[in-house]
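The values are calculated or read from the model by the stated rules, or taken from the named source; none is laboratory data. None of these values were measured; they are calculated from a predicted model. Here the Cβ is made from the backbone with ideal geometry for all residues, glycine too, and neighbour counts use every protein chain on show.
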Amino acid sequence: MHLHEKGYNFLPQLLKDEFSSLKTALNAASKAERTCSRADKASWAAEKERLERQLAQTRTRLERTQREAREREVLANAKKAEREKRKEGKGAWHMKKGRSCSVERSDIQALNGTCCCNRSSTRWRQVVERTR
């Protein structure tokens, strides 16, 4: 486990809790906007928009955290496999950034066209096909 993960392993759960509380607050604001008087409708609409923006930001942070955790896990597994190969007698070899991206692309199909370099999916499909 990465040192940062050990110290801050509570953050993903905190983000999930914040996301769920924002969803309930957004539902309550939507209901209040529907049932309020005309004079209060503008303030409830503004509150609803603010909650929607905050919910989108939290969703983005949560997805980024999950994606980065998957990327770290894949790279750790690749490095572990490389260390085992070195113990068996293979020469020293260090992974370049482009190769790490192709490893991630081939191992994680759930990233939906992104990798650590944020290259386009078609370009990296070509790279993965060449390395196979």
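Screening VAL74, VAL103 for residues that are surrounded by 13 or more Cβ atoms within 10 Å (Cβ to Cβ), at pLDDT 85 or above, of a type in the set (Val, Ile, Thr) and within 24 Å of the chain's Cα centre (by Cα) leaves exactly one candidate, VAL74.
Of all residues in the range 1-13, exactly one satisfies the criterion of being assigned to a helix (DSSP H, G or I), more than 15 Å from the chain's Cα centre (by Cα) and modelled with pLDDT of 85 or more, namely GLY7. Checked against (1) at pLDDT 90 or above; (2) surrounded by 12 or more Cβ atoms within 10 Å (Cβ to Cβ); (3) hydrophobic (A, V, I, L, M, F, W, C); (4) farther than 30 Å from ASN9 by Cα, ALA42 passes all but condition (2).
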